[in-house]
1. Mind checking which residues of region 267-297 are within 17 Å of Leu370 (Cα to Cα), open to solvent by 40 Å² or more (accessible area, probe 1.4 Å) and either touching a helix residue (DSSP H, G or I) at 6+ places or on another chain (Cβ under 7 Å) or among the basic types (Lys, Arg) (or both)?
2. Taking region 324-341 on its own, how many of its residues are surrounded by 14 or more Cβ atoms within 10 Å (Cβ to Cβ) and not in a strand (DSSP E or B)?
3. What pairs come up if the first residue lies in region 358-370 and is in contact (Cβ under 8 Å) with a residue 40 or more places away in the chain, the second is among the charged types (D, E, K, R) and surrounded by 16 or more Cβ atoms within 10 Å (Cβ to Cβ), and their beta carbons are under 8 Å apart, counting only those six or more places apart or on different chains?
4. Suppose we filter region 261-310 for residues that are hydroxyl-bearing (Ser, Thr, Tyr), assigned to a loop (DSSP other than H, G, I, E, B) and under 24 Å from Leu245 (Cβ atoms); how many remain?
5. Based on what the data block shows, is Arg214 exposed (fewer than 14 other Cβ atoms within 10 Å of the Cβ) and among the charged types (D, E, K, R)?
6. Please count how many residues of region 187-208 are surrounded by fewer than 18 Cβ atoms within 10 Å (Cβ to Cβ), polar (S, T, N, Q) and under 26 Å from Gln151 (Cβ atoms).
7. Considering only residues that are closer than 19 Å to Met335 by Cβ, part of a strand (DSSP E or B) and open to solvent by 40 Å² or more (accessible area, probe 1.4 Å), which ones fall in region 367-384?
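The values are calculated or read from the model by the stated rules, or taken from the named source; none is laboratory data. Source: prediction; values computed, not measured. Glycine gets a Cβ as well: all are built from the backbone with ideal geometry, and neighbour counts include every protein chain shown. Ligands, DNA and RNA are stripped out before the accessible areas are found, and what is left, the full protein with its side chains, is counted by its heavy atoms. Shrake-Rupley method; radii C 1.70, N 1.55, O 1.52, S 1.80 Å.
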Amino acid sequence: MHKLIFVMMFLLLNFSIQSQTQAKSYGFSIDLIHLDSTLSPFYNISFTPSEVLRKAAIRSQNRINQFRDLYMNFNEEKIESVIIPNGGDFLMKIYVGSPPVEVLAVADTGSDLIWIQCAPCDQCYQQDAPLFDPSKSSTYKELSCTTELCQALPRQRCGNTQECEYFYSYGDGSYTLGNLSSETLSLDSSNGQQVSFPSSAFGCGHRNNGTFNRRTAGLVGLGGGPLSLISQLGDQIEHKFSYCLLPRSANTNSKLRFGEDATISRAGVVSTPLISKYPPTLYFLTLESISIGGKIAQAPPSQGNIVIDSGTTLTYLQSDLYNQLEANVIEAIGMSPVPDPSGTFDLCFQAESVKTDFPEMVFHFTGADLHLPPDNTFFKFDDLFCMLIVPSDQISIFGNFAQTNFQVEYDLQQKKVSFAPTDCTTST
């Protein structure tokens, strides 16, 4: 009997050790819901595709203004917020606490902190779903102001019992204030299983107001800083994530992949170095030039001169580079441009006059030539054919429309970003 008990205990212990070892690394994927897709709570059936994209362009302009302020403030060594409120184009579902509470949040590669509205709420914006109540979760715990994660906050202070209190404010007057806490966060994997990550740091916001939307309860930061979901999962996802962004016409969701599921294994992959710069939140690449129709527009010779961002619809180029590209595009098309009456886009042509054999555009990143078909760089607005690339006075951004139908992998350990042309509607 004693031998039997010993054997059973040994087997249970061995199984437990194996389970813990296997749990150290995850490979899984989740849905990314585009704000304007038919599966989004923001979907408005009355909007035409042209109206949807023009609204997205306005979101892009608001977002680049926030990026510009963030970039300049870091360069000037000022401490400012690193969150862009409701700035991303994608949503994701997460589950917070034990028992888990479903939360719909903005997924944002341009910010770090994970935060949601919490009860009791001194002052919160109205949201459709109930507030998360930490008193009903058995795994909720406030973090001390002496922890490294608390010290990583741009603005923080110690409460009466040494709890970490954060405060983020924004240029448009929006803000969130609360306690940095630890909690079990769970994600629905595309294979039907839920993956949980205990003791994840997040902001439990008790005062939040401004331009936040009632359909979302917070934000999931996917940036490069220590507080982001990507950085916190770290070794568990092999410091890798990737996405495959669908065309706007698709009726399914894009995929966000983690760990071994994020690795690109198909042919045609090209990779470029990920450049470490401040702010560490943003992902910087080096764009060397852009070519179209045999003409080359030369980028400024500096490392990390463009941010890659899944939450910005349009692509923004610093004015000198944009002006070169615009001249080359006009020559390649062989037509005179016409003004966009809305003033949204800088370069448009009469749609019926544009040739069907429109040339592709090639973004030459360091070590990676990315061939973009016209569907990634132009869009037909009623009787206009407009370029989805616009000039910027401060910072360049490689936006999500240009990334459509590419699997884009971020390997933070190897410090590289990889691209592979993919039909994202059939990618599983």
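1. Gly293, Lys295
2. Start the filter on region 324-341 by keeping residues that are surrounded by 14 or more Cβ atoms within 10 Å (Cβ to Cβ), which leaves 324-326, 328-330, 332-333, 335, 337-338, 340.
Checking which are not in a strand (DSSP E or B) leaves us with 324-326, 328-330, 332-333, 335, 337, 340.
Number of matching residues: 11.
3. From region 358-370, the pairs are His364/Glu288; Phe365/Glu288; Thr366/Glu288.
4. Of region 261-310, the ones hydroxyl-bearing (Ser, Thr, Tyr) are 263, 265, 271-272, 276, 278, 281, 283, 286, 289, 291, 302, 310.
From what is left, the residues that are assigned to a loop (DSSP other than H, G, I, E, B) are 263, 265, 276, 278, 281, 283, 286, 302, 310.
Next, from what is left, pick out any that are under 24 Å from Leu245 (Cβ atoms): 263, 265, 281, 283, 286, 310.
Residues flagged as hydroxyl-bearing (Ser, Thr, Tyr), assigned to a loop (DSSP other than H, G, I, E, B) and under 24 Å from Leu245 (Cβ atoms) within region 261-310 amount to 6.
5. Numbers: exposed (fewer than 14 other Cβ atoms within 10 Å of the Cβ): yes; among the charged types (D, E, K, R): yes.
So Arg214 passes the test.
6. Total meeting the criteria: 1.
7. Within region 367-384, Phe379, Lys380 meet the criteria.
To keep it simple, each residue is scored yes or no on (1) within 19 Å of Ile116 (Cβ to Cβ); (2) in contact with a helix residue (DSSP H, G or I) (Cβ under 8 Å, 6 or more places away or on another chain).
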{"position": "Lys136", "(1), (2)": "yes, no"}
{"position": "Cys164", "(1), (2)": "yes, yes"}
{"position": "Asp235", "(1), (2)": "no, no"}
{"position": "Glu238", "(1), (2)": "no, yes"}
{"position": "Leu245", "(1), (2)": "no, no"}
